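Encoded as structure tokens, the structure appears first; notes follow it.
The values are calculated or read from the model by the stated rules, or taken from the named source; none is laboratory data. The shown structure was predicted, so the numbers you read here are calculated from the model rather than taken from an experiment. As a convention, Cβ positions derive from the backbone with ideal geometry for all residues, glycine included, and neighbour counts pool all protein chains shown.
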Amino acid sequence: MSSSFFLMVSLLLISCPALSQISLKHENSSVFKGTVISDAEHYGLINVEVDNDQSFTIVSDGKVLGAIIQGKGWLRETQPVCFIGWSGENKKIDKFIPTIGQGDWETVGCHKIESVGLISKKDDENARVAIIYTVELSGRFGTDYYILSINKFNGRLQYDEETTKSFQNSYLRNIQALRKAYQN
């Protein structure tokens with residue numbers, strides 16, 4: 001066979017994101033606890049707690065892309081706010097993202113981080129990580145979602161507003177249902 005054929009096959013294998021294997025590993029968030037609490041307090045939150053059960057390392061083909069460290073604090077002692085601390089490969093918090101309880105979600109309080117999971121399609125260029133929250137509004141509880149997009153090659157994390165909005169008012173209750181809805 002010609003060398004151009006092997007070159008073409010090699011380029012396809014290298015550039016094909018569908019071949020990437022993405023996984024979540026439970027993260028020992030104690031490494032980040034002091035830093036993420038400091039970032040949360042700098043944002044104005046008090047009584048900050050890190051949720052060890054909902055903190056994960058994102059791995060792509062054996063390479064660590066980063067870690068999602070989640071927690072909750074209180075804004076002005078009245079508004080519960082959940083947040084994400086993102087750490088790239090350097091073991092420090094690179095990005096602090098307040099999620100439920102502020103911004104687009106300032107009218108609801110973050111009651112609890114329920115679950116985290118991958119919902120990506122096989123051919124997605126970026127991994128999609130879904131976070132499900134229990135939210136509270138005037139004594140009533142509901143479910144809300146926050147979707148993150150993580151570049152499989154450089155670990156850049158960003159909020160995926162379009163996918164998040166597509167799930168609003170969907171009444172999906174778990175990661176499996178979100179994954180099925182996203183992949184169809």
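Of all residues in segment 111-128, exactly one satisfies the criterion of being part of a strand (DSSP E or B), of a type in the set (K, R) and either under 20 Å from K180 (Cα atoms) or in contact with a Pro (Cβ under 7 Å, 6 or more places away or on another chain) (or both), namely R128. Return the residues of segment 16-50 that are surrounded by fewer than 16 Cβ atoms within 10 Å (Cβ to Cβ), within 13 Å of C82 (Cα to Cα) and of a type outside the set (G, A, S); say none if nothing qualifies. Result: E41, I46, N47, E49. Exactly one residue out of I97, I113 is touching a residue at least 40 places away in the same chain (Cβ under 8 Å) and surrounded by 21 or more Cβ atoms within 10 Å (Cβ to Cβ): that is I113. Does R140 fit the bill of being out of contact with any Phe, Trp or Tyr (no Cβ under 9 Å at 6 or more places or on another chain), modelled with pLDDT under 95 and either surrounded by 16 or more Cβ atoms within 10 Å (Cβ to Cβ) or not aromatic (F, W, Y) (or both)? Criteria met by R140. Candidates are the residues of segment 64-94 that are over 19 Å from V135 (Cβ atoms) and of a type in the set (K, R); the one that is surrounded by the most Cβ atoms within 10 Å (Cβ to Cβ) is K92.
Contact map, segment 137-166: residues that are polar (S, T, N, Q) paired with residues that are not in a strand (DSSP E or B), Cβ distance under 7 Å, separation 6+ or inter-chain. Pairs shown: T143/R173; S149/D160; T163/Y182. Residues in segment 68-98 that are hydrophobic (A, V, I, L, M, F, W, C), in contact with a Ser or Thr (Cβ under 9 Å, 6 or more places away or on another chain) and not in a loop (DSSP other than H, G, I, E, B) were compared, and the one that is farthest from N52 (Cα to Cα) is V81.
Checked against (1) outside any helix (DSSP H, G or I); (2) surrounded by 13 or more Cβ atoms within 10 Å (Cβ to Cβ); (3) free of Cβ contacts under 8 Å to residues at least 40 places away in the same chain, N169 passes all but a single condition, namely (2). Being over 13 Å from the mean Cα position of the chain (by Cα) and assigned to a strand (DSSP E or B) is the filter; apply it to segment 140-166 and report the residue that is nearest to I58 (Cα to Cα). Checked segment 140-166; the qualifying residue nearest to I58 (Cα to Cα) is D144. Residues that are among the hydrophobic types (A, V, I, L, M, F, W, C) and over 12 Å from the mean Cα position of the chain (by Cα) were ranked within segment 83-116; the one that is nearest to N47 (Cα to Cα) is C110. Taken as a whole, the condition of being crowded, with 19+ Cβ neighbours inside 10 Å, in a strand (DSSP E or B) and in contact with a Lys or Arg (Cβ under 9 Å, 6 or more places away or on another chain) does not apply to I131. One residue stands out in segment 99-110 among those that are of a type outside the set (D, E, K, R) and assigned to a loop (DSSP other than H, G, I, E, B): the one that is nearest to F141 (Cα to Cα), namely V108. Looking only at residues of segment 1-45 that are among the β-branched types (V, I, T) and at pLDDT 90 or above, we find that the one that is farthest from W74 (Cα to Cα) is T35.
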